[in-house]
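Reading through the structure tokens given below for one structure.
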Amino acid sequence: MTPTFPRLLLTTGLLLGATTAHAALPDEATLYKNPQCACCDGYARHLERLGVDVTIVDDRPLGEVKQDAGVPYGLGACHTTVMGGYVIEGHVPLAAVEALFEQRPDTDGIGLAGMPIGTPGMPGPQREPYEVYQFRDHQDTPFMTL
């Protein structure tokens, strides 16, 4: 075995790990948003770069979408995404979305209130920890902090 063979195995393993990191994500998502919101489009593009086919719906009242989805009052964001049987509320970072689909908790979904800078679709540096919550029937509990 030549010295380069172990390096080749290590490199191959790293590359395979990188390509399967998003394997838990569903193939499709529907993102509900306001027609004028560009940051929501940015979040959709982020999901598409990860291999998710995103359908954008911008002609349905967001309040109704959030109510139907069980999003807790006061913890909404500018868009609501439905994917793989879960609701993703707002600009939830990829690490939390991946954790949701790896853990598959008994919840309606996860969310990140507001429009925090530094999240997918919201350019700039992260200014504070992202408090991602999970919810069921309009009630929230902590999911993870990033």
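Miscellaneous remarks
- Meets criteria (in contact with a Leu (Cβ under 6 Å, 6 or more places away or on another chain) and assigned to a strand (DSSP E or B)) for Thr81: yes
- Residue match in segment 94-111 (condition: in contact with a Ser or Thr (Cβ under 9 Å, 6 or more places away or on another chain) and assigned to a loop (DSSP other than H, G, I, E, B)): yes
- The single condition from (1) in contact (Cβ under 8 Å) with a residue 60 or more places away in the chain; (2) touching a helix residue (DSSP H, G or I) at 6+ places or on another chain (Cβ under 8 Å); (3) of a type in the set (Gly, Ala, Ser) that Gly42 fails is (2).
- Of the listed requirements (1) farther than 21 Å from Ala24 by Cα; (2) touching a strand residue (DSSP E or B) at 6+ places or on another chain (Cβ under 6 Å); (3) in a loop (DSSP other than H, G, I, E, B), Asp59 misses just one: (2).
- Positions within segment 56-84 being in contact (Cβ under 8 Å) with a residue 12 or more places away in the chain, closer than 25 Å to Asp106 by Cα and more than 13 Å from the chain's Cα centre (by Cα), in sequence order: Leu62, Val65, Lys66, Ala69, Gly70, Val71, Pro72, Tyr73, Gly74, Leu75, Gly76, Cys78
- Pairs, first without any contact (Cβ under 8 Å) to a residue 40 or more places away in the chain in segment 117-130, second loosely packed, with under 10 Cβ neighbours inside 10 Å and assigned to a loop (DSSP other than H, G, I, E, B), C-beta under 8 Å, six or more apart: Ile117/Gly124; Ile117/Pro125; Ile117/Arg127; Gly118/Gly124; Gly118/Pro125; Gly118/Arg127
Rule-based calculations on the coordinates, nothing more; no lab input. Everything quoted here is computed from the prediction, not taken from an experiment. Glycine also receives a Cβ, built like all others from the backbone with ideal geometry; neighbour counts cover every protein chain displayed.
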